[in-house]
Structure formats: C-alpha cells, structure tokens
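I have placed the structure first, in the form of structure tokens, so that the comments after it can refer back to it.
What follows is calculated from the coordinates using simple rules that are stated; it is not laboratory data. What you see is a predicted model; the values in this text were computed from it and never measured. Cβ atoms come from the backbone with ideal geometry, glycine included; neighbour counts cover every protein chain shown.
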Amino acid sequence: MDGSNFVNVDTTTIEGIERAKQMNLAGSELAEVIVIQHLYEAEKLFDPNHRGRLFAVFRHPVDRAISMFYYLQYGKFNILLLLNMKEKRPYSFIFSTFFYYTHALLWFFGFFITSAKWEKYYHPELSNMTLEEYGNSNLVENNFMVRLLTNVLRKELFQHDLVRAKLILKRKFVIGLLDNFEESFGRFEKYFGWKYRENPLGQEECRAKYLSHGDNTNKEKKKHHLETVTPGTPAYEALVRQNEWDLQLYKYIEELFEEQKQMFLNVSDEYRMEGATCCKCDDPPSC
C-alpha cells in the first residue's frame with residue numbers, strides 16, 4: 001500500500017489474532033507495528049523472546065464520548081491500539097502505518113462521514129437523539145478506558161479497577177496525548193527508533209502536514225454543524241457522570257505523560273532526521 005509492505009493478517013479481530021498466532025507473527029519479525037482492538041486476546045501473539053510495547057494517544061474522556069456519539073450517528077470508527085516490535089522496518093513503513101490508522105486510534109480521534117449502520121453498537125434511535133439525551137440514556141458508553149484496560153466490560157467498577165488500570169498504563173504504555181500530539185509522536189519516534197529511509201524531505205513534509213492538519217480535521221463539524229458542548233452544560237455533565245473513573249484515569253495519564261518526559265531529555269527533537277536516508281534496506285550500496 002502506497003509503497004509500504006503490510007503483513008497479510010488482520011489483528012483487529014479475535015479470529016485474525018488466532019490466525020496470526022498460528023502463523024507466528026511476532027516470531028517472524030516481519031511486522032514493526034501491530035494494530036489491535038482486543039488488548040487481552042492480543043497477548044497470545046507474543047512470547048518471552050518476542051515482546052511488544054504498547055503506545056497510544058489518549059483523548060479527554062468527555063471529548064471522546066462526544067466524538068463517539070456523532071460517530072454512531074454519522075461515522076465509521078475502529079477501536080485500535082498499536083504495539084511496537086523490532087526496529088527493523090524503515091521509518092516510511094511506520095509513518096504510513098501510523099497515520100493510516102491515526103484517525104481510528106483507540107478512543108482518541110473522532111467521527112467519519114460514512115454510515116455507521118453496520119456497527120454493532122449502532123442504534124437507529126441515536127439518529128434523532130440530542131447529546132444530552134444520549135448522555136442520560138442506557139446507550140452511552142460508561143468509563144470506556146478503565147473497562148478496556150482492565151477487561152471489566154460489563155460489571156460495576158470499583159477503586160481497585162482504577163488502580164489496576166493505572167498500573168497497566170505505567171508498566172506497559174508509552175503515553176501520548178491528543179492535545180499534545182506533535183510532542184507525542186516525536187516521543188514515539190525517539191522511543192522506537194523511527195528514522196526516515198525513503199525520501200526524507202518528502203517524509204518530513206508529509207509528517208508536518210498530518211501533525212498540523214490531520215486527515216479529517218473539522219470536516220465533520222463543517223458538514224454536520226455539531227453543537228458546542230462546554231463544562232457546566234447539561235450534556236457535558238451527563239457525560240461526566242458516565243465517565244467518572246475515566247476522568248480520574250485521564251488525570252493520571254496526563255501525569256504519566258509529564259513523568260515520561262524524562263525518558264527523552266537527552267534525545268534530539270530532530271532524531272528522525274539523524275542519518276536519514278532514501279535507502280529502505282540496511283545495505284546502502286545495494287540500493
């Protein structure tokens with residue numbers, strides 16, 4: 001796709017994860033990034049000799065809930081995580097993969113302008129519902145982040161679930177924030193060793209474009225005239241009540257983001273350009 005190679009497995013489904021396991025995806029070392037939506041099921045892909053590191057861009061829970069509401073009315077969305085593996089693949093592969101899925105990343109980015117009727121969470125009554133009505137209905141998501149991280153999908157949440165979610169984030173994740181996306185992506189580059197290996201100047205231009213404008217920025221607002229929701233409004237407060245644990249977790253995520261800054265103090269912000277080359281392989285004379 002667009003000059004980059006992708007492994008022929010679908011790790012966004014449980015069936016695909018099982019197939020990837022049977023094909024020894026991690027052990028093959030063919031994939032630099034694995035995209036998943038089933039966090040606990042994906043663990044079976046790895047072994048002590050082929051381990052992964054989760055990284056994700058987190059969005060404020062209420063903003064994410066608002067985005068989800070409009071998605072369910074109008075959009076197409078996938079819940080995804082990214083895991084990094086070896087440092088073999090060229091930066092161009094990572095870059096195109098990351099941004100190919102950026103607008104569908106886990107609980108972060110918003111709505112798409114296609115029918116959501118195929119989506120298993122779609123309910124026809126949402127099409128005529130206000131955001132406030134959605135926030136007070138039994139259709140609204142409840143503490144999505146804590147539930148996904150702890151695998152407590154339906155039961156009532158307690159303080160120990162929040163503690164567990166925090167521990168998982170601290171031990172397993174490189175943290176990114178949608179509100180600080182450029183720095184977040186820069187941290188991923190530094191942590192995983194992503195550098196340009198295909199047209200560095202073109203890659204840098206493409207990177208700048210996505211970081212500043214995104215792929216679907218404001219298209220939905222312009223098309224659907226989405227209502228403005230601010231703290232204190234009934235709709236906003238209804239979503240706050242549905243995401244009390246997630247809001248506490250997000251505060252901790254912001255703290256982790258600041259704490260992890262120490263990991264990158266001695267790495268140049270231009271790391272991706274250091275030794276950048278148009279050579280896709282590790283043997284420049286053969287290019």
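Would you mind checking LYS21/LYS190; LYS44/LYS251; LYS155/LYS251; LYS172/LYS261 for any pair whose Cα atoms are more than 20 angstrom apart? Pairs exceeding 20 Å: LYS21/LYS190; LYS44/LYS251; LYS155/LYS251. Each of the peptides 188-199, 146-157 was scored by the mean count of other Cβ atoms within 10 Å over its residues; in descending order, highest first, they stand as 188-199, 146-157. Listed from fewest to most Cβ neighbours within 10 Å, the set SER67, SER137 follows the order SER137, SER67. Each residue of segment 242-252 is assigned a 3J(HN,Hα), and the resulting list reads 7, 10, 4, 6, 5, 5, 5, 5, 5, 4, 5 Hz, derived from the Karplus form 6.51 cos²θ - 1.76 cosθ + 1.60 (θ = phi - 60°), x at Gly and Pro.
Residue ranges 28-34, 257-263 sort as 28-34, 257-263 when ordered by packing (mean number of other C-beta atoms within 10 Å per residue, highest first).
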